[in-house]
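The values are calculated or read from the model by the stated rules, or taken from the named source; none is laboratory data. These figures come from a predicted structure and were not determined experimentally. So basically every Cβ, Gly included, is an ideal-geometry build from the backbone, and we count neighbours across all protein chains shown.
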């Protein structure tokens, strides 16, 4: 199984997600479909190969939110695969991901708009 196949399986499997979460996860998986990481077989995925992918996303100009979202979906999919016994070991276990976006605080003017 490739990473891309796992991601597709992850977002189509029954999950206790709200509709917005499901939609966002599907969007992230679709955006990753052409990434070289998604063509990699699961058995060769390592923390290093994921770090390389994160670096590639950052160098391509992806926003902090985009990179963080991709990481979170990928990490969740691998954790899910281990729980479902599709994969024996999560190569990302204990690895820190990229920075998360800072929370956005609206001004009073923005709130009124």
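Among 83, 112, which is the only one that is more than 15 Å from the chain's Cα centre (by Cα), loosely packed, with under 13 Cβ neighbours inside 10 Å and within 22 Å of residue 11 (Cα to Cα)? Spell out the reasoning first.
Numbers: 112 fails: within 22 Å of residue 11 (Cα to Cα).
Matching residue, one of 83, 112: 83.
Residue check: is residue 107 free of Cβ contacts under 8 Å to residues at least 12 places away in the same chain and under 18 Å from residue 27 (Cβ atoms)?
Details: free of Cβ contacts under 8 Å to residues at least 12 places away in the same chain: yes; under 18 Å from residue 27 (Cβ atoms): no.
When the stated conditions are applied, residue 107 does not pass them.
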Quick check on region 14-25. Is at least one of its residues under 16 Å from residue 3 (Cβ atoms), surrounded by 13 or more Cβ atoms within 10 Å (Cβ to Cβ), out of contact with any strand residue (DSSP E or B) (no Cβ under 7 Å at 6 or more places or on another chain) and at pLDDT 95 or above?
yes
Among 85, 56, 96, the single one that is part of a helix (DSSP H, G or I) and either over 14 Å from residue 2 (Cα atoms) or in contact with a strand residue (DSSP E or B) (Cβ under 9 Å, 6 or more places away or on another chain) (or both) is 56
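Do we have residue 9 as assigned to a loop (DSSP other than H, G, I, E, B) and out of contact with any strand residue (DSSP E or B) (no Cβ under 8 Å at 6 or more places or on another chain) here?
Numbers: assigned to a loop (DSSP other than H, G, I, E, B): no; out of contact with any strand residue (DSSP E or B) (no Cβ under 8 Å at 6 or more places or on another chain): yes.
Against the criterion (assigned to a loop (DSSP other than H, G, I, E, B) and out of contact with any strand residue (DSSP E or B) (no Cβ under 8 Å at 6 or more places or on another chain)), residue 9 does not qualify.
Got a sec? Which of 50, 3, 44 is without any contact (Cβ under 8 Å) to a residue 40 or more places away in the chain and either under 12 Å from residue 74 (Cα atoms) or surrounded by fewer than 13 Cβ atoms within 10 Å (Cβ to Cβ) (or both)? Lay out the reasoning, then the answer.
Details: 50 fails: without any contact (Cβ under 8 Å) to a residue 40 or more places away in the chain; 3 fails: without any contact (Cβ under 8 Å) to a residue 40 or more places away in the chain.
Step by step, each of 50, 3, 44 is checked, and only 44 is without any contact (Cβ under 8 Å) to a residue 40 or more places away in the chain and either under 12 Å from residue 74 (Cα atoms) or surrounded by fewer than 13 Cβ atoms within 10 Å (Cβ to Cβ) (or both).
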